[in-house]
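To start, the structure under review is shown below, and the notes come after it.
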Amino acid sequence: MELDAEAVQAIIFADVKICDKPIEEIKVFGLSPIKHLYYALRFFGISNIAIVGQNIEKKKVNLSAKFYRNLAEVSAKKRNLIIFANAILAPDDIRRLIKEDGIFVIRKDSVAHIVAIHCSEDVFAKIKGLDRINIKNCRKFLSKIIEVKCIFLTKIEDIKSAEEKIRERITPKIKRTTPDGIIAKTINRRVSLRITKIIANTNITPNQITIFATLLMIFGASLLLLKSRIYTAIAGIIIQLACIIDGCDGEIARLKYMQSDRGAVFDSILDRIGDFAVILAITFTQPLTTLTILISFLALFGSMMVSYTSFLLRFVAGLNIRRYLEGRDCRCFIISLFSLAGFPFYSLILIAFLTNLAIICKLIKIQIC
């Protein structure tokens with residue numbers, strides 16, 4: 001069957017409990033499992049969504065009241081996809097559920113659990129009349145059993161496994177994103193993931209985070225212009241904090257399936273604005289000699305060209321480029337350290353050397369490949 005998301009009605013069956021706790025009280029990486037399913041379904045174009053369950057505390061889920069209905073009130077559509085809310089599904093799993101008809105199950109502790117049911121209008125009408133939706137009863141109308149691999153929440157320990165899978169999914173490692181640098185892996189991502197988990201269930205958008213991080217970066221740059229030892233140290237802390245928060249926009253976007261090429265371009269442009277503001281501010285903390293201007297120019301040129309050449313090599317030439325010390329995470333960290341020490345201009349000397357060396361190495365790699 002062809003993938004036709006617009007013809008699918010999705011019913012999230014939320015009348016389930018985990019260790020005697022209602023599903024809406026369970027948080028997996030800051031979001032209710034109901035909301036995880038909601039965002040995934042919307043990403044695949046399914047807008048006709050109903051959340052079914054008795055006595056759901058809607059405030060804990062934080063979704064519009066229009067989505068909540070009783071099963072009896074849900075009218076059958078051409079295609080109907082019933083998903084149990086305690087299933088944490090990967091994008092490939094959702095795609096498969098939409099494509100195939102049948103009862104999707106997962107075997108756990110020698111017991112088969114229903115993950116989802118994809119059926120026609122007639123079958124859905126019969127399932128609605130069941131006292132209990134289980135494999136035995138559903139097999140009266142659907143004979144096809146399809147095993148899937150996903151995280152199925154039945155106990156508290158499963159939440160840790162689900163969060164680890166989600167953490168892997170939202171951390172840049174895949175082909176379409178630039179992988180993390182050394183500082184991002186060891187420091188920034190450890191903090192940004194915690195921030196993302198806290199703000200996940202709010203209405204804060206990735207673009208809002210990008211704008212806030214850029215404004216924070218510019219504020220840090222403005223403090224450098226005061227040429228005070230204490231303000232310079234504070235500026236260093238703010239610049240590093242802004243770099244950490246800047247990682248949250250992509251994490252929120254991937255967590256809520258809101259990632260887009262426009263968002264990536266918007267983030268990249270604002271990152272360059274932040275970089276420009278900081279390097280320019282550091283430049284004006286020094287007497288404007290020929291050497292000062294040259295070093296600042298090389299640092300600015302290298303910072304801009306590192307990002308540009310990485311983009312071209314990855315997405316145009318198809319080459320896998322690994323970051324070392326020239327990435328934005330390392331550049332911000334270097335500026336932060338030197339600012340804390342009271343010598344921010346020395347950071348530009350190091351950045352100018354590292355970034356331009358990296359550009360030369362990339363040019364050599366192009367010739368070799």
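The values are calculated or read from the model by the stated rules, or taken from the named source; none is laboratory data. For clarity, every value in this text was computed on a predicted model and none was experimentally measured. As a convention, Cβ positions derive from the backbone with ideal geometry for all residues, glycine included, and neighbour counts pool all protein chains shown.
Worth pointing out:
- Only one of the listed residues (Gly102, Gly45) is more than 18 Å from Val16 (Cα to Cα) and under 24 Å from the mean Cα position of the chain (by Cα). That residue is Gly45.
- For the stretch 140-165, a residue qualifies if it is under 16 Å from Ile34 (Cα atoms) and of a type in the set (S, T, N, Q), and exactly one does: Thr154.
- Test: Ala253 is more than 26 Å from Lys165 (Cα to Cα) and either surrounded by 21 or more Cβ atoms within 10 Å (Cβ to Cβ) or among the aliphatic types (A, V, I, L, M) (or both): no
- In the stretch 247-266, the residue that is nearest to the chain's Cα centre (by Cα) out of those that are closer than 23 Å to Ile334 by Cβ and in contact (Cβ under 8 Å) with a residue 60 or more places away in the chain is Gly250.
- Residue check, Phe338 surrounded by fewer than 20 Cβ atoms within 10 Å (Cβ to Cβ) and modelled with pLDDT of 95 or more: no
- Within the stretch 77-100, tally of residues that are buried (at least 16 other Cβ atoms within 10 Å of the Cβ) and not in a strand (DSSP E or B): 10
- Subset of the stretch 126-135 [more than 9 Å from Asn80 (Cβ to Cβ) and either of a type in the set (A, V, I, L, M) or surrounded by 15 or more Cβ atoms within 10 Å (Cβ to Cβ) (or both)]: Lys126, Lys128, Leu130, Ile133, Ile135
For every residue, the table says whether it meets (1) touching a strand residue (DSSP E or B) at 6+ places or on another chain (Cβ under 9 Å); (2) outside the structural domain of Leu97 (by TED's automatic domain parsing); (3) touching a residue at least 12 places away in the same chain (Cβ under 8 Å); (4) in a loop (DSSP other than H, G, I, E, B).
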| site | (1), (2), (3), (4) |
| --- | --- |
| Ile127 | yes, no, yes, no |
| Thr154 | yes, no, yes, yes |
| Asp180 | no, yes, yes, yes |
| Lys185 | no, yes, no, no |
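- Scanning the stretch 15-67 for residues that are β-branched (Val, Ile, Thr), under 18 Å from Arg79 (Cα atoms) and in a loop (DSSP other than H, G, I, E, B) gives a single hit, Ile46.
- Residue in the stretch 109-124 that is assigned to a strand (DSSP E or B), among the polar types (S, T, N, Q) and more than 25 Å from Glu24 (Cβ to Cβ) present: yes
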